[in-house]
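A short worksheet on the structure shown next.
The values are calculated or read from the model by the stated rules, or taken from the named source; none is laboratory data. Treat the numbers as computed from the prediction; the structure is a model and nothing was measured. Heads up, the Cβs are rebuilt from the backbone with ideal geometry, glycines too, and the neighbour counts pull from every protein chain shown.
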Amino acid sequence: MNYEIYRFDKIESTNSYLLKLADEGFPEGSVVVADEQSGGRGRFGRKWESEPLSNLLFSVLLRPAFLERDEVFVLTFSAAVAVAEALEDVTRVKPELKWPNDVLLGSKKVCGILLESVFSSDELSSVVLGVGLNVNQKSFPAEISARATSLLAQTGKKFDRDEILSAVLGRFGSIYETVRARDFYSVMKRWRDRSGMFGRKIRLRLADETYEGVCDEITDEGAIVIQTESGLKKFTAGEVSIIGETA
Ligand code: BTN
């Protein structure tokens, strides 16, 4: 992938900005990076808070015309794998992955991923892949400190944000070729090999229901299968927490 990087001191949201560039016809590989966001967005309409100049906040524009609507999920898992592998390359930490796209260190979230897809007349025209990776933030606001962490908090060391950005983009570029070759199985295997969820007791929240059970499987289609009291149940969306842990 040929990346073209656009850098900002402060921006509302790298995802929102890149969605505009996508609409203006910017090519695949356009990347927006910011030191600070005034309106960073997370999953489920939440805010993404990040201390200025401390972390990595970036979005990558993809134009995966080779994917069908129900195959976009694989990009979420690809991004999580790319982040985990890049972190291990640069910092030697061993992150764990939590379904569907959180990257954890010491059972806390070190990175969140927000994928936004744009369809025009039912064709996938672009995907914006947003990454919020906590690098050098020392401490977190009380509301999230039990669930959030950074590389600095976990290792006691500061890291060069640009070095991590290049490593993530490099790893992502190569896994994207695996996706292009339609080898979804390899992507999901790499994801599963880094997940500590299997056999763990989890809680899955949907808009108005909650399920508890043991994580049985993450399928090649990216669904989670839970062994509940009333049998195996499969979900393609929801928010998962590992019971007894914070993230
Ligand atoms: C999550 O809720 O876990 C996803 C968080 C994604 C945050 C990143 S920060 C860079 C990009 N721009 C945004 O507004 N959100 C994503």
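The table below gives the values:
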quantity	calculated
Residue selected from the range 107-137 under the condition more than 19 Å from Asp193 (Cβ to Cβ) and in a loop (DSSP other than H, G, I, E, B), by the criterion nearest to the ligand (Cβ to nearest atom)	Asn134
Candidate set: the range 42-58, residues that are surrounded by fewer than 17 Cβ atoms within 10 Å (Cβ to Cβ) and among the hydrophobic types (A, V, I, L, M, F, W, C); chosen: the one nearest to the ligand (Cβ to nearest atom)	Phe44
Tabulated pairs, the range 98-124, first of a type in the set (Phe, Trp, Tyr), second modelled with pLDDT of 95 or more and near the ligand (Cβ under 9 Å from one of its atoms), C-beta under 6 angstrom, 6+ apart or interchain	none
Residue in the range 138-152 that is surrounded by the most Cβ atoms within 10 Å (Cβ to Cβ), counting only those that are of a type in the set (Gly, Ala, Ser) and away from the ligand (no atom under 12 Å from the Cβ)	Ser150
Hits in the range 14-41 (condition: in contact with a strand residue (DSSP E or B) (Cβ under 6 Å, 6 or more places away or on another chain), within 12 Å of the ligand (Cβ to nearest atom) and either among the aliphatic types (A, V, I, L, M) or closer than 14 Å to Leu56 by Cβ (or both))	Thr14, Asn15, Leu18, Leu19, Val31, Val32, Val33, Ala34, Asp35, Glu36, Gln37
